[in-house]
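The values are calculated or read from the model by the stated rules, or taken from the named source; none is laboratory data. All values reported here derive from a predicted model rather than from experimental measurement. With ideal geometry, Cβ positions are generated from the backbone for all residues, glycine too; neighbour counts draw on all protein chains shown. The protein model used for the area step is the full one, side chains on, heavy atoms only, and it has no ligands, DNA or RNA in it. Shrake-Rupley method; radii C 1.70, N 1.55, O 1.52, S 1.80 Å.
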Amino acid sequence: MFSNIKPFINKMNAKTILKRAFDAGQIYLSARNNGGKELRRYPKIHNVDINQDFTRFVFTLPIGLDPKEISKKGFVFKQVFGPHIELTGEIKKYTLEVYKMGMEISFKYNFEEIRNVINPGKLPIVCGKNRHGQIIWYDMRDLPHILIGGATGSGKSTQLRQLLTTLIIKLKPSELELYLADCKKAEFHIFRNIEHVKGNVVLTKDIKKMLDHISTQMDERSNLLDVFGVAHIDDLPQDQKKPYIVLCIDEFVMLRKEANIMEKLIELTALGRALGIFVILSMQRPVKDVLDTTIRSNLNVAMGFKVRDKIESRVMNTPGSEDITVPGRFFMDTNGDMTEIQSPFLELEDAKKLLEPFKVAPQDVKEVFEEEPPQNDDTKQLTYDDVFGDDDR
Ligand SMILES: Nc1ncnc2c1ncn2[C@@H]1O[C@H](COP(=O)(O)OP(=O)(O)OP(=O)(O)O)[C@@H](O)[C@H]1O
């Protein structure tokens, strides 16, 4: 972008362009002097580093400028610099990286490649690769609950498949219990008869039972913390150790009219962390009125795959995900930090092979809930059309 001009001029030009973005987004403090003339205090640009692949700016906000202005106006940087940017930072100091090229468009899942990287994690969530080719992961104990959103074909299910498969390979059944609810009835069949999986259900009434069971676990765990005077289940004595519980609900929007389920989810996402209970929710259409605001604010990580429009990306808090064109690509928001990531591509047949060693005979599966076929009206599950009607919002 700036490579044919001398370095100093390059930097000045780059600064001027960034200032244009501040202007366009009105990212400054404004006051009037005695003569009525407007005086603007812009963010201070401390550093401009230009190299072959990208230009990196470091800037700080003037005291008094609301940091929300930056998250709200993130789109301006894209309008000025183009789509390949990354903005990180909080409160005062921010780093903006402007890349010359888009990212690699594929990253094939290979557990051997991932194994060493996630080794220090107790409950590792592998997100994918960033634009520097680094594997991005985090420990769910630090950021306990995830929202995954994206239109059909965007790569949500593939991401869920690899997240769950990785956890199954990494943790023993004595360390991890998985509870899966698949409102679309399409995704979680490959996890049947896996020893870690204690529930794999599709009907609303079974999802309710499953949540009741997890709530009971939650109460028991709270009591244990009380009895042993510790703040986290990891600190319980060895003979009292409890497995982590991960509840994953695919297309949970279909349950939105179930007040009882929503209440339980609010409770789980509010209190789960210390009790070793974690939640992953996925949805095709992240629209405000289908996502309870309390639940939304308890979900610390959002993975925004391709969504339909700005309204949906705003609900996800992943601006720019409406412009994604590559399957498996997403923007990840972790408490305000935004990273563009390509998720690992784990194909169905490969996942089946990886899961094979963890399968047990059906009679040995200790699922807490047996799936029952629908019998009468009280088992009727909402369909997508029941929830959304036609395309209107
Ligand atoms: N990480 C990835 N890398 C490359 N291609 C991918 C990746 N994830 C998904 N794809 C491609 O996109 C297609 C759709 O992916 P996926 O089924 O995960 O989408 P989805 O969002 O779950 O859609 P739906 O809601 O309809 O199930 C896959 O069949 C695959 O071809």
Item to complete: Multiply the residue gap between Glu263 and Phe8 by 0.36 nm, knock off their C-alpha separation, and tell me the result in nm, one decimal place.
Response: 86.0 nm
Worksheet entry | Approximate spin-label separation Leu224-Leu29, in nm, with each point projected 7 Å along Cα-to-Cβ | 5.1
Practice prompt. Search the structure for amide H atoms under 5 Å from the amide H of Asn200, placed 1.01 Å from N in the peptide plane, and list their residues when 5 or more places away or on another chain.
Written response: Leu180, Phe369
Fill in: Phi-based couplings in Hz for region 233-249 (Karplus 6.51, -1.76, 1.60; Gly and Pro marked x)
4, 5, 9, 5, x, 3, 6, 10, 3, 10, x, 5, 10, 10, 9, 10, 10
Worksheet item: How large is the helix-only mean residue ellipticity at 222 nm for the chain, computed as the sum of -39500 (n - 2.57) over DSSP H runs with n ≥ 4, divided by its residue count, in deg cm²/dmol to the nearest 500?
Response: -9500 deg cm²/dmol
Discussion item. What distance in nm separates the two pseudo spin-label positions at Glu113 and Lys100, each 7 Å out from Cα along the beta-carbon direction?
Written reply: 2.4
Worksheet item: Quick one: length gained pulling Asp142 to Gln79 fully straight, 0.36 nm per residue minus the C-alpha distance?
Response: 19.3 nm
Response to the item:
In order over region 285-296: 3J(HN,Hα) from phi, Karplus 6.51/-1.76/1.60, θ = phi - 60°, whole Hz, x for each Gly or Pro, gives 10, x, 10, 3, 6, 9, 10, 3, 5, 5, 4, 4
Discussion item. What does the extension gain come out to for Thr16 and Lys184, with contour length at 0.36 nm per residue minus their alpha carbon separation?
Written reply: 55.5 nm
Discussion item. Can you tell me the orientation of helix 7-24 relative to the chain, as the angle in degrees between its alpha-carbon axis and the longest Cα principal axis, to the nearest 10?
Written reply: 70
Worksheet item: Roughly speaking, to the nearest percent, how much of the chain's 1.4 Å accessible area is carbon and sulfur?
Response: 50
Item to complete: Measure up Lys241/Lys352; Lys170/Lys306; Lys306/Lys359; Lys156/Lys241; Lys37/Lys73; Lys170/Lys242 against 23 Å on the Cα-Cα distance and list the ones that go over.
Response: Lys241/Lys352; Lys170/Lys306; Lys306/Lys359; Lys156/Lys241; Lys37/Lys73
Worksheet, complete the sentence: Rounded to whole angstrom, the alpha-carbon centroid of region 32-88 lies from that of region 89-131 at a distance of 24
Discussion item. Could you work out the pair-distance distribution P(r) of region 111-384 from its alpha-carbon pairs, with 5 angstrom bin width and percents rounded to whole numbers?
Written reply: 1, 6, 13, 17, 20, 18, 14, 8, 3, 1, 0
Response to the item:
per DSSP, antiparallel bridges as share of beta bridges in the chain, % nearest 5, sits at 60
